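Engineer: Handing you a structure now.
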There are 2 protein chains.
Amino acid sequence: MTIKAILSLAAFGLVLPGLPATAQTELPADDSLREAALDLFAPIPQQMDQIPRPDGDPTPITAEKIELGRSLFFDPRMSVSGLISCQTCHNVGIGGVDGLPTSVGHGWQKGPRNAPTMLNAIFNIAQFWDGRAPDLAEQAKGPVQAGVEMSNTPDHLVATLKSMDGYVEMFSAAYPGENDPINFDNFADAIEQFEATLVTPNSAFDRFLEGDNDAMTELEKRGLQAFMDTGCVACHAGVNMGGQDYYAFGVVARPGAEVLPEGDKGRFTVTDTVDDEYVFRAAPLRNIALTAPYFHSGQVWDLREAVQIMSSSQIGTELEEGQVEEIVAFLRTLTGDQPQIVHPILPVRGDDTPLPAPM
Amino acid sequence: MTIKAILSLAAFGLVLPGLPATAQTELPADDSLREAALDLFAPIPQQMDQIPRPDGDPTPITAEKIELGRSLFFDPRMSVSGLISCQTCHNVGIGGVDGLPTSVGHGWQKGPRNAPTMLNAIFNIAQFWDGRAPDLAEQAKGPVQAGVEMSNTPDHLVATLKSMDGYVEMFSAAYPGENDPINFDNFADAIEQFEATLVTPNSAFDRFLEGDNDAMTELEKRGLQAFMDTGCVACHAGVNMGGQDYYAFGVVARPGAEVLPEGDKGRFTVTDTVDDEYVFRAAPLRNIALTAPYFHSGQVWDLREAVQIMSSSQIGTELEEGQVEEIVAFLRTLTGDQPQIVHPILPVRGDDTPLPAPM
């Protein structure tokens, strides 16, 4: 039975054959469990050259692009206020998120959705909860212009960059041979190249996938088995345990309006197709233990509760307490090595640098 | 003539004897210039063990305290909103400041004064523009509680720290043998220990002081001579080129209300002494090229203009254009090696961690 088929069965509220009603999932031998898991998941590569290239871009990722992207990512002067950087909402120290229900941006305005992590985002099929950006470069262009986030414009941003000698040098080094290397596309490209390095290999789950039976406890392994048995895997598979396709939130039973606000119709606003109402990209589950609160609405702080909501709304099952415990234990094995980023020393403003405009 | 005597002469608007009216300062031989400079200034130590201990504290700075302090410094969850950290206003990437006239804090409120840098702050006699905190630990307790900054309370902060296993471990390691190591004093102490490591040695000026004649250009050396000749040194001396004593802003001529707002009476609010009206701690000039805008009001973006305002308001001299150029060139030699800080991976929130309260 394919995972799509499992999901469509679940969509009709059918109880899946073989789903145990017992509190404790039966555990196969390690090798069988690993084999089954490797059919559905893959570890995050340890080596940078095994990470997919942004856009399938044939030009090499260079150290100059990554360093430029790192500076841009951390530079609050990329916002019109001079206060907000990519790092503000995608904090490398707390799993690539801001730990808020929905982000707070320019003028302390609340954004509409929970900030997704940029860690491992290179493995997603598209960016944002509704997938409206095909890649990380396109994603980077969004918040910088959003009135409730960084509230900048491409022209103002480019003028800011061109006013600082340090950025003039860095863009020339990163995009050699270009007549006018400081432009909005290269700004976004450099951030993408940096973000493509932000991966978190070496989680306990990945070490198990790679052959280390001791990397996971028995409880965690039961959780992996339950994760596959109960149908979670229908949406959360692949390297990133999600991020690969779109699904209606509430395919079986719609959760309450607090978790699924009626005003946010998800992918519908991208495709203008009725079938896409309340459809979202399945959340990648890597480092999920670090990225509370959960869902696009950011209204659920407890991973146990998030698992229960998913199970009742998406697969039509009320998981038993024991299964929830197992699955949560498994989800905690998805925390990988977090990137160690040296905070960049940023270019010094020039005489012509536009003044920050906090309001 | 002592520097205090020079300043009091200047206070009466007297033109100092020996002040050249020419545009170009006469330059003595390098050795004489260095000797004169070493009477007034000192280089920032290259070795951590030469840096003064906070408070003259006899206990050792430990790696555990510094690492804890680094985490606390970068952790936005130390604010009640979960959005603002020490790093927000004291950004290690832009000279330890926020690059705003006055800081923006909780609820996007504007603070009353420009954020001073924490880089080399260990060399200051006291902290804040009005010196109201005797040391960096006492300073750290201020913004975290200020309603317009991080808007937290000690109790809420301690509850937040105690709710995270990672902080429980880090405080125990940093303050071994203490029954209840997570408390507001240790929070502030750890930040102080971290900040005491944030020094910027190896500036061109320091290399010149240490014997390298080629570290400064002739223009910069003339600027150093002019800085000493014209009386700047009366307030800006020592390791930190300032930060050691308090002076009235406008001792000779009060600048306009934009630069010196009437409502901010400076040290008067600390000492309640009329003599301290509009008195501020002399700004340390280390890395001054990185820390625009200038003065407690943060209303001056151009270092040339800042020098001119200081000269007319503090020493009663209208510097000639050439002297301003020299002094600014010298001030630019005060930029040292900026600290390379790995962004900490912060503790994960626990089940009992208070929720962020953006408003």
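The values are calculated or read from the model by the stated rules, or taken from the named source; none is laboratory data. Please read these numbers as outputs of a predicted model, since none were measured by experiment. Here the Cβ is made from the backbone with ideal geometry for all residues, glycine too, and neighbour counts use every protein chain on show. For the accessible areas, the whole protein counts, side chains as well, though only heavy atoms, and no ligand, DNA or RNA atoms are used. Shrake-Rupley method; radii C 1.70, N 1.55, O 1.52, S 1.80 Å.
Engineer: Report, by chain and number, residues whose modeled amide H sits under 5 Å from the one on A:GLY238, excluding near sequence neighbours (fewer than 5 apart, same chain).
Structural biologist: Placed amide hydrogens put A:PHE41, A:ALA42 under 5 Å from A:GLY238.
Engineer: Under 16 Å from a point placed 7 Å out from the Cα of A:GLU26 along the Cα-to-Cβ direction: which residues of the stretch A:204-236 have their backbone N that close?
Structural biologist: It comes to A:222-223, A:225-230, nothing else.
Engineer: Let me ask something else about it. Suppose a student asked you for the relative contact order of the stretch B:50-197, using Cα pairs under 8 Å spaced at least 6 residues apart; what percent would you report?
Structural biologist: 31
Engineer: Can you give the Rg and Dmax of the protein assembly as shown based on its C-alpha atoms, in angstrom?
Structural biologist: Taking only Cα atoms of the protein assembly as shown, I get Rg and Dmax of 28.7, 99 Å.
Engineer: With θ set to phi - 60°, apply the Karplus curve 6.51 cos²θ - 1.76 cosθ + 1.60 along the stretch A:174-183 and write out the HN-Hα couplings as whole Hz, x wherever there is a Gly or Pro.
Structural biologist: Working through the residues one at a time gives 7, 10, x, x, 8, 5, 9, x, 7, 9 Hz.
Engineer: Mind telling me which of A:PRO293, A:PRO45, A:PRO284 comes out most flexible in a GNM of chain A, alpha-carbon contacts under 10 Å?
Structural biologist: Greatest mean-square fluctuation among the candidates belongs to A:PRO45.
Engineer: How far is it, in nm, from the label point at A:GLN109 to the one at A:ASP214 when both lie 7 Å from their Cα along the line to the Cβ?
Structural biologist: 5.5
Engineer: Among B:ALA226, B:ALA140, B:ALA215, which one shows the highest mean-square fluctuation when chain B is modelled as a Gaussian network with alpha-carbon springs under 10 Å?
Structural biologist: In this elastic network of chain B, the residue with the biggest mean-square fluctuation among B:ALA226, B:ALA140, B:ALA215 is B:ALA215.
Engineer: Here is a follow-up. With everything on Cα atoms, drop me the angle between helix B:303-314 and the longest principal axis of chain B, reported from 0 to 90° to the nearest 10.
Structural biologist: 70
Engineer: Another question, then. The stretch B:284-339 to the stretch A:226-276: how many Å between their Cα centroids?
Structural biologist: 57
Engineer: Using θ = phi - 60° and the Karplus curve 6.51 cos²θ - 1.76 cosθ + 1.60, what whole-Hz ³J(HN,Hα) does each residue of the stretch A:345-359 get, with Gly and Pro shown as x?
Structural biologist: Per-residue couplings from phi come out as 8, 8, x, 7, 4, x, 4, 9, 4, x, 6, x, 10, x, 8 Hz.
Engineer: How many nanometers, to one decimal and shortest first, lie between the label point of A:PRO45 and those of its other copies, if labels sit 7 Å from Cα toward Cβ?
Structural biologist: Result for A:PRO45, in nm, nearest copy first: 4.7.
Engineer: Need one value: the accessible area of B:PHE268 in square angstrom, 1.4 angstrom probe, rounded to the nearest 10.
Structural biologist: 50
Engineer: Let me ask another. If you look at just the Cα atoms of the stretch A:50-197, how large are its Rg and its Dmax in Å?
Structural biologist: For the stretch A:50-197, the Cα-based Rg and Dmax read 14.5, 44 Å.
Engineer: Do the alpha carbons of any pairs in A:LYS110/A:LYS162; A:LYS162/B:LYS221; A:LYS65/A:LYS141; A:LYS110/B:LYS162; B:LYS110/B:LYS265 sit beyond 21 Å of each other, and which pairs?
Structural biologist: The pairs that break the limit, which is 21 Å between Cα atoms, are A:LYS110/A:LYS162; A:LYS162/B:LYS221; A:LYS110/B:LYS162.
Engineer: Could you state the orientation-averaged shadow area of the convex hull built on the Cα atoms of the stretch B:237-307, in nm² to one decimal?
Structural biologist: 5.0
Engineer: Also, I was wondering about something else. Helix A:184-195 versus the longest principal axis of chain A: what angle, 0 to 90°, nearest 10, using Cα atoms?
Structural biologist: Tilt of helix A:184-195: around 50 degrees.
Engineer: When each pair of different Cα atoms in the stretch A:158-245 is counted once in the 1/r mean, what is the Kirkwood radius in angstroms, to one decimal? Display every interim value, and only then the final one.
Structural biologist: Values: mean 1/r = 0.0593 Å⁻¹.
The Cα-based Kirkwood calculation yields 16.9 Å.
Engineer: Counting C-alpha atoms alone, how compact is the stretch B:169-212: give Rg to one decimal and Dmax as a whole number, in angstrom.
Structural biologist: Reported Rg and Dmax, both Å: 17.3, 51.
Engineer: A further question on this structure: So who's got an amide H within less than 5 Å of the one on A:GLY266, skipping anything under 5 residues away but keeping other chains? H placed 1.01 Å off N, in plane.
Structural biologist: Amide H neighbours of A:GLY266, under 5 Å, 5+ apart: A:TYR278.
Engineer: Still on this structure, I have one more. Could you give the nm distance between label points at B:ASP272 and A:ASP180, where each point is 7 Å from its Cα heading toward the beta carbon?
Structural biologist: Result for the modelled spin labels: 6.3 nm.
Engineer: Right, here's the next one. Given the C-alpha centroids of the stretch A:40-89 and the stretch B:148-190, what is the distance between them in whole angstrom?
Structural biologist: 33
Engineer: Sticking with this structure for a sec: How many percent of all Cα-Cα pairs in the stretch B:31-81 sit more than 16 Å apart?
Structural biologist: Of all Cα-Cα pairs in the stretch B:31-81, 65 percent lie more than 16 Å apart.
Engineer: Quick check: the angle from helix B:136-145's long axis to the longest principal axis of chain B, C-alpha only, nearest 10 degrees?
Structural biologist: 60
Engineer: Tell me, Kirkwood radius of the stretch B:212-359 from alpha-carbon pair distances, in Å? Can you show the working numbers first?
Structural biologist: Working: mean 1/r = 0.0569 Å⁻¹.
By the Kirkwood definition, the hydrodynamic radius is 17.6 Å.
Engineer: Just going by the charge dipole of the protein assembly as shown, with Lys and Arg at +1 and Asp and Glu at -1 on Cβ, which of B:GLN299, A:PRO60, A:VAL233 is farthest out on the positive end?
Structural biologist: Towards the positive end, the residue furthest out is B:GLN299.
Engineer: Here is a further query. Sort shortest first the distances from B:ARG132 to its counterpart in every other copy, using label points 7 Å along the Cα-to-beta-carbon line, and give them in nm.
Structural biologist: 4.4
Engineer: On each of the three principal axes of the Cα atoms of chain A, give max minus min coordinate, whole Å, ordered largest first.
Structural biologist: On the principal axes, chain A reaches 70, 44, 30 Å in Cα extent.
Engineer: Give the chain A residue with the shortest beta-carbon distance to the rotation axis relating chain A to chain B, plus that distance as a whole number of Å.
Structural biologist: A:TRP108, 2
Engineer: Normalised by the number of residues in chain B, what is the relative contact order in percent for Cα pairs under 8 Å and 6+ residues apart?
Structural biologist: Rounded, it is 27 percent for chain B.
Engineer: Next question. So what is the 222 nm mean residue ellipticity for chain B from helices alone, if each DSSP H run of at least 4 adds -39500 (n - 2.57) and you divide by all residues, rounding to the nearest 500 deg cm²/dmol? All intermediate terms of the calculation are to be shown ahead of the outcome.
Structural biologist: Values: 13 runs with 120 residues, N = 359.
Calculated at 222 nm, the ellipticity per residue is -9500 deg cm²/dmol.
Engineer: Distances from B:PRO28 to the same position in the other copies: list them in nm, one decimal, shortest first, using label points 7 Å from Cα along Cα→Cβ.
Structural biologist: From this label point to the equivalent ones elsewhere in the assembly: 8.6 nm.
Engineer: Spin-label point model (7 Å from Cα, Cβ direction): what's the B:ASP49 to A:GLU320 distance in nm?
Structural biologist: Between B:ASP49 and A:GLU320, the simple spin-label model gives 6.3 nm.
Engineer: Continuing with this model, one more query. Which value, in Å², gives the accessible area per residue of the stretch A:320-359 when a 1.4 Å probe is used on the protein heavy atoms?
Structural biologist: Ligands and nucleic acids excluded, the result is 43 Å² per residue.
Engineer: Any chance you could look up the accessible area of B:CYS89 with a 1.4 Å probe, heavy atoms only, rounded to 10 Å²?
Structural biologist: Estimated to the nearest 10 Å², B:CYS89 gives 20 Å².
Engineer: Using a Gaussian network model on chain B with a 10 Å cutoff between Cα atoms, which of B:VAL239, B:VAL270, B:VAL251 fluctuates the most?
Structural biologist: Among B:VAL239, B:VAL270, B:VAL251, the largest GNM mean-square fluctuation belongs to B:VAL270.
Engineer: Just to check I understand the Karplus step: with θ = phi - 60° and J = 6.51 cos²θ - 1.76 cosθ + 1.60, what whole-Hz values come out for the stretch B:257-273, glycine and proline as x?
Structural biologist: 5, 5, 7, 10, x, 5, x, 9, 8, x, 5, 3, 6, 8, 9, 6, 10
Engineer: Run the numbers on the stretch B:121-161 and let me know its relative contact order in percent, using alpha-carbon pairs under 8 Å that are six or more apart.
Structural biologist: For the stretch B:121-161, the relative contact order is 20 percent.
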